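Below: one structure, written as structure tokens.
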Amino acid sequence: MFTTALSQNGAGIHEAVRGIATHLPAATAIRVTVIGLVTDPTNWDRDRHSWQAPGVAVAAIKRSGLRGFGRLVYAAGVTPVESVDVVHAHGLWNGPTIAGALLARRAACPLVVSPHGMLESWALRHNATNKLLPWWLWERPIVASAALLQAMSEREEHGFRNCRLRNDAMVNPIGLDFSKIQPRLRTTVGPRTCLFLSRLHPVKGLPILLEAWSRVRPTGWRLLIVGPDEANHRQELEQLTNALCLQDQVEFHGPAYGSEKWRLLASSDLFVLPSYSENFGLAVAEAMAAGLPVITTTGTPWGFLAEQGLGWSVEPTADALAAALNDAAARSSTDLARIGAAAACYARERFSWVTIADQMGEAYRWLLGQGHAPTGLRIADGN
């Protein structure tokens, strides 16, 4: 496997790659080697332990930018091919696809590509001028030649077709480690908490969330924004918070990982992810598993939340978010807890890493002609 997200600040991609890599050997007896970039060298001693599992080897490259890109491709050129049966590239733009294609060609084996939302319309438009040349010169030809594409949701698989990709594809989501989830800690003391826990990035829609919060200003509530800062977006958000006079209701915290992340989820009352676009939205699945009702948008694949009484799914606008916040904040703690309990049941039924790793193993064996078609497979129509 190739990835640029060995470090925990890789967020959803890190969790997806780490989860599948560390659960595959136990679920399928497949041995895994992960070659990837360390984007947070300061905390690598902490992060490296999360990759330790029987049957998993990790080659960490402590470089970034063009040097990291080059080292990733170099690793693909010198990796021994004798024990390589399938190559799996996670993500686009920063080297995984080129490295994956090179090693797959050297080993004469199938290439699997997981775009991790990078082919979503919003993602392609963001910094589009920097992506146009790489897309047409190498990213699209490599992705189009892959033996299989992995989508995290039906929405992402449809996005492949919108990009005129006609590969076989499978829908296989990100799993959760339910043993890490902490019991509910909420007390009746202090304000109730609406939690945002994800990257601070423009795609996450935080400006419209702050605008919506300023319109509702729910009594007895606070908005807690937690996550790693990207492209200095936190400063922009703090300035907007001050401009909207929300300092008494909005708090910012840095990234939270591991037990600290689950503690925050366990002590909150409501979760919000106002993204413009998500291929999966791991934060939503984690919040549901922790027993929280969720407010999210139609830009994510969680549109069924409202239909099944598990939360709210609205247009990614300040008006729509304000209406959802107003409805949620007016509910009793008992009512929110009931919705959260139903959400937790839903998550436990669908996001087991054991099941998801077994399905990925089925896909690898199918590509090698050694088994039946995997669950979630979409055969290309050839058009």
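The values are calculated or read from the model by the stated rules, or taken from the named source; none is laboratory data. It should be emphasised that the depicted structure is a prediction, and the values quoted were computed from it without experimental measurement. Here Cβ is always computed from backbone atoms with ideal geometry, including for glycine, and neighbour counts include all displayed protein chains.
Could you pull out the residue among GLY309, GLY291 that is over 18 Å from ARG192 (Cβ atoms) and not in a helix (DSSP H, G or I)?
GLY309
Considering ALA16, ALA53, ALA5, ALA60, which residue is touching a residue at least 12 places away in the same chain (Cβ under 8 Å) and either of a type in the set (S, T, N, Q) or in a helix (DSSP H, G or I) (or both)? None of the other options fit; the residue is ALA16. Scanning the stretch 137-166 for residues that are of a type in the set (S, T, N, Q), closer than 21 Å to ILE98 by Cβ and either surrounded by fewer than 20 Cβ atoms within 10 Å (Cβ to Cβ) or modelled with pLDDT under 95 (or both) returns a single hit, SER145. If I ask for residues that are in a loop (DSSP other than H, G, I, E, B) and crowded, with 21+ Cβ neighbours inside 10 Å, which ones from the stretch 98-117 would you list? PRO115, HIS116, GLY117 - these are the residues of the stretch 98-117 that are in a loop (DSSP other than H, G, I, E, B) and crowded, with 21+ Cβ neighbours inside 10 Å. Take the conditions (1) assigned to a strand (DSSP E or B); (2) under 18 Å from TRP262 (Cα atoms); LEU185 misses just one of them, which is (1).
What about LEU282, is it in contact (Cβ under 8 Å) with a residue 40 or more places away in the chain, hydrophobic (A, V, I, L, M, F, W, C) and out of contact with any Ser or Thr (no Cβ under 6 Å at 6 or more places or on another chain)?
Considered against the rule, which asks whether it is in contact (Cβ under 8 Å) with a residue 40 or more places away in the chain, hydrophobic (A, V, I, L, M, F, W, C) and out of contact with any Ser or Thr (no Cβ under 6 Å at 6 or more places or on another chain), LEU282 comes out as yes.
Restricting ALA287, ALA324, ALA318 to those that are within 22 Å of the chain's Cα centre (by Cα) and closer than 30 Å to ALA151 by Cα reduces the list to ALA287.
Among the residues of the stretch 266-273, are any under 20 Å from the mean Cα position of the chain (by Cα), among the β-branched types (Val, Ile, Thr), within 24 Å of SER313 (Cα to Cα) and at pLDDT 95 or above? Within the stretch 266-273 (the criterion being under 20 Å from the mean Cα position of the chain (by Cα), among the β-branched types (Val, Ile, Thr), within 24 Å of SER313 (Cα to Cα) and at pLDDT 95 or above), the answer is yes, since at least one residue qualifies.
Go through the residues of the stretch 81-96 one by one and say whether even a single one is at pLDDT 95 or above, buried (at least 19 other Cβ atoms within 10 Å of the Cβ) and either aromatic (Phe, Trp, Tyr) or assigned to a helix (DSSP H, G or I) (or both). Checked against the condition, which is being at pLDDT 95 or above, buried (at least 19 other Cβ atoms within 10 Å of the Cβ) and either aromatic (Phe, Trp, Tyr) or assigned to a helix (DSSP H, G or I) (or both), the stretch 81-96 yields at least one hit.
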